Amino acid sequence: MAANISLRDRNCTTQLASATIRAQLLQQLQKEILEAVATGWPLSRILTLLCQRAETLSPDAICSVLRVDSEANCLLPLAGPSLPDEVVQATKHVPVGPDVGSCGTAAYRGEPVEVTDIAIDPLWKDYRHLFLPHGLRACWSSPIKGCDGKVSGTFAFYYREPRGPDRLDREIVAACVNLCAIALDHDRAQSHILKLAYRDQQTDLPNRAAFQQRAREILDQLPKSYGPSLAVHYIDLDDFKGVNDTLGHAVGDQLLSAVATRLRAVCKNAEFVARLGGDEFAVLQFPVAKLEEIERLAQRLLSCFARPFEVEERTIATSASIGIARAPTDSNDFSNLLRRADVALYRAKGAGRARYCLFDEEMGQHMLARRAMEKDLRQALAKGEITLHFQPIVHLATGKTTSFEALARWMEPSRGAVPPSEFIPIAEEIGIIVEFGNWFLRRACREAARWPADIKVAVNLSPLQLSRDNFIQQVEAALAESRLPPERLELEITESVPLVANPAIREVLRALKNRGVAIALDDFGTGYSSLSYLRSFPFDRLKIDYSFVREIHEHEQTMAIVKAVLELARSLNVHTTAEGIETEPQRIWLRAQGCSEGQGYLFNPPMPAEKIADFLADERRRSAGSTRIASLPRLKAMS
Ligand code: C2E
Ligand code: MG
Ligand code: MG
């Protein structure tokens with residue numbers, strides 16, 4: 001009896017010990033697989049590892065994992081490291097159905113299917129000839145269910161002899177099926193995230209990231225010098241901002257979706273349409289052999305805008321411009337190719353919009369020259385190549401200088417004098433205008449502080465400067481540093497400053513005006529909204545643009561416009577300066593019409609700061625002379 005008990009105890013102890021080891025091994029397997037999932041291993045690699053570990057735990061078994069392709073209603077192999085290749089091939093596209101071996105049936109029924117003898121089981125009638133020659137005699141397949149309860153795959157144990165699973169196998173398979181479910185769910189979530197990351201939500205088109213990926217794939221396989229080409233069509237709507245501003249963003253968004261639908265409709269399978277952002281779309285055309293094919297697609301894309309769009313019960317007519325670059329002709333590199341398409345797009349816009357333009361070498365030269373200029377401009381201030389010149393603004397009635405306008409000059413060693421109309425827009429585009437503008441302001445105030453106390457200085461501002469939070473502090477610092485009274489500073493803005501739409505900028509100008517700084521509206525009449533602009537802020541001065549002054553004696557209409565502007569300024573109690581006065585008749589006429597001040601080559605061109613003292617001394621001498629001459633007859637009469 002005692003011996004019996006001790007024998008039973010020993011059996012129990014052995015069983016307990018092996019159960020503990022098994023549990024530990026299973027835990028280890030789970031840990032390993034979960035770590036592989038968490039660290040982002042590819043799905044097939046995770047499941048191959050799982051099969052290998054399961055086969056170590058159950059040396060009689062051969063594992064396989066299949067995934068359900070729900071669209072095709074079939075199974076696809078994911079892992080089966082010990083299965084012969086021929087068998088793996090045979091499990092490709094196995095249908096999900098009521099009598100399709102163990103796996104197809106398990107996926108169909110949603111429950112495990114135990115086939116203990118493949119040779120005789122009717123479920124295997126169509127497949128046994130593929131498996132039996134490889135010594136696979138039994139197959140027990142379990143469905144893998146995802147977190148949504150649907151069957152996402154199958155996990156199978158094959159045996160080399162007719163048999164069913166034992167208790168140990170059942171434990172292993174239960175753990176493996178769970179791990180497979182986690183791995184498949186994770187993979188599905190990852191693919192969904194990836195899909196979101198590569199789709200534009202508004203238009204459901206591929207987004208910029210997807211576009212870039214596809215373009216790079218094509219570029220990688222493109223022969224370097226011969227064979228098929230890739231064409232990038234870079235599309236930009238011509239007045240999307242106007243639609244957004246006038247009809248609102250909701251209508252703008254709908255318009256973009258409608259544009260996307262039309263673009264998709266005119267593109268064939270081989271043409272990849274994407275939204276790059278904002279109102280920019282792009283099409284990859286590949287493979288393409290002839291220029292005519294590219295032009296035909298461009299025409300097709302433009303034709304999308306021939307009919308107006310019906311959006312939220314509104315009819316919106318809009319057009320688009322297209323820039324086209326080709327690989328390998330224009331570049332083999334994605335960024336360069338897109339940049340070239342962008343240059344061509346810019347050309348298409350400049351040539352009147354609603355058209356396409358192909359990149360060419362001349363544009364390339366222009367682009368390179370422009371890039372070189374950007375690079376030089378970034379260093380120009382530090383190298384001392386930028387200076388300020390000053391142009392006198394004179395009182396038209398007395399001829400006396402009342403202020404000087406500070407005008408930027410760039411003397412670049414190899415290019416010579418680069419006009420501000422060329423480099424200021426570049427400085428604005430690349431963002432260094434804020435640094436430049438602050439420097440202009442400081443330098444101008446410092447110079448003005450040396451002039452007689454009744455002479456002011458006018459400084460031009462760029463829109464970007466005004467939208468910086470610390471602009472008021474910058475002006476205050478320039479005034480404090482130079483000890484120039486705020487009343488001697490005038491800031492000139494043009495209609496490119498978004499005053500009407502931006503109350504914050506109006507506030508900044510108002511705050512400066514309250515401190516005593518005068519605000520002038522430069523180039524009046526050249527913008528699109530001069531009158532509403534005038535209403536949006538109480539300007540101290542209007543500067544009538546040079547283009548009007550030039551035409552005073554050429555066109556009667558111009559004369560009438562300038563007269564009306566001067567009348568308007570008078571009624572608003574705003575000072576006026578006529579810019580670009582070059583002739584005496586212009587000066588006489590403007591003065592007669594009541595224009596208070598003038599600026600132009602007739603008086604003096606812009607001059608370096610060092611010349612101002614002499615210029616003012618000259619002016620004083622001249623005016624003293626003319627006063628003396630003018631007062632002579634009176635003196636005589638008195639005597
Ligand atoms: P603006 O502010 O309207 O400056 C007046 C322009 O007219 C100056 O051109 C000046 O040299 C030119 N000008 C003066 N008198 C005559 C004349 O009788 N006939 C003709 N044809 N032109 C005359 P500039 O110096 O080439 O400056 C061009 C534009 O560049 C300026 O127009 C201004 O918009 C911008 N700019 C110049 N300096 C600065 C600056 O420091 N900051 C900013 N943001 N812009 C500047
Ligand atoms: Mg100006
Ligand atoms: Mg001007």
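The values are calculated or read from the model by the stated rules, or taken from the named source; none is laboratory data. Note that the coordinates shown come from a computational prediction; the quantities given were computed from them, not determined experimentally. Cβ placement follows ideal geometry from the backbone for every residue including glycine, while neighbour counts extend to all protein chains displayed. Each accessible area value is taken on the protein alone, full model and side chains, heavy atoms only, with ligands, DNA and RNA left out. Shrake-Rupley method; radii C 1.70, N 1.55, O 1.52, S 1.80 Å.
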Residues listed by number, region 123-140, amide nitrogen under 12 Å from D117 label point at 7 Å toward C-beta: 138
14 Å beta-carbon shell around F157, net charge (K/R +1, D/E -1): -1
Going by Cα centres, region 123-170 and region 68-110 are how many Å apart? 10
Under the Debye formula (equal points on every Cα, no solvent term), log10 I(q)/I(0) of region 208-359 at q = 0.13, 0.21 Å⁻¹: -0.55, -1.33
Tell me, how many Å apart are the Cα centres for region 562-609 and for region 514-556? 11
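Can you tell me how region 20-196 classifies by the Cα gyration tensor, rounded, prolate or oblate, using a/c under 1.5 as the rounded cut?
oblate
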Which number do you get for Rg(Cα) / (2.2 N^0.38 Å) in the chain? 1.57
Cα gyration tensor of region 375-534, axes a ≥ b ≥ c as square roots of the eigenvalues: rounded (a/c below 1.5), prolate (a/b > b/c) or oblate? rounded
Residues of region 95-129 with backbone nitrogen within less than 17 Å of a virtual label 7 Å along the Cα-to-Cβ line of R170, please, listed as ranges. 111-116
Between helix 361-380 and the chain: long-axis angle, C-alpha atoms, 0 to 90°, nearest 10: 70
Here, A624 and E362, labelled 7 Å along Cα→Cβ, have an inter-label distance in nm of 5.9
If we sort 246-254, 326-334, 428-436 on the protection proxy, mean other Cβ atoms within 10 Å, highest first, what's the order? 326-334, 428-436, 246-254
Would you kindly compute the Cα radius of gyration of region 481-639 and its largest Cα-Cα separation (Dmax), both in Å? 18.8, 66
For the pair K268/R45, report the inter-label distance in nm, with labels modelled 7 Å from Cα in the Cβ direction. 3.9
Measure nothing fancy, just the Cα-based angle from helix 556-572's long axis to the longest principal axis of the chain, in degrees from 0 to 90, nearest 10. 90
Per-residue ellipticity at 222 nm for the chain, helices alone: DSSP H runs ≥ 4 residues times -39500 (n - 2.57), over residue total, nearest 500 deg cm²/dmol? -16000 deg cm²/dmol
Roughly how much of R443 is accessible, in Å² to the nearest 10, using a 1.4 Å probe? 70
For the chain, what relative contact order do you get, as a whole percent, if you take Cα pairs closer than 8 Å and at least 6 residues apart? 7
Test of understanding: extend the Cα→C-beta vector of E610 to 7 Å, then name every residue of region 387-423 with backbone N under 16 Å from that spot. 387-390, 411
Accessible area in square angstrom per residue, region 208-359, 1.4 angstrom probe: 47
Rounded to the nearest 10 Å², the 1.4 Å probe accessible area of S191 is 60
Between H249 and S496, what FRET efficiency follows from the Cβ-Cβ distance if R0 is 22 Å, with the result rounded to 0.05? 0.45
Between F286, C304, T583, whose Cα lies farthest towards the positive end of the dipole of the chain when Lys and Arg beta carbons carry +1 and Asp and Glu beta carbons carry -1, centred on the Cα centre? T583
Gain upon complete extension [A617, E86; 0.36 nm per residue less C-alpha separation]: 180.9 nm
Cross-link partners of K92 among lysines (Cα-Cα below 19 Å; sequence separation of 8 or more within a chain): K125
Roughly how many debye, to the nearest 20, is the charge dipole of region 20-196 about its Cα centre, given +1 on each Lys and Arg Cβ, -1 on each Asp and Glu Cβ, and no other charges? 200
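Given a 1.4 angstrom probe, what's the average accessible area per residue across region 20-196, in square angstrom?
Accessible area per residue, region 20-196: 49 Å².
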Once you have the Cα-Cα distance between I193 and K290, take 0.36 nm times their residue separation minus that, and quote the gain in nm to one decimal. 31.1 nm
For R450 and C147 in the same chain, what is the full-extension length gain: residue separation times 0.36 nm, less their Cα-Cα distance, in nm? 101.1 nm
Once the Cα atoms of helix 291-303 and of the chain are each reduced to a long axis, what angle between those two axes, in degrees from 0 to 90 to the nearest 10, is obtained? 80
Leaving out ligands, DNA and RNA, what percent of the accessible area of the chain is carbon and sulfur, probe 1.4 Å? 53
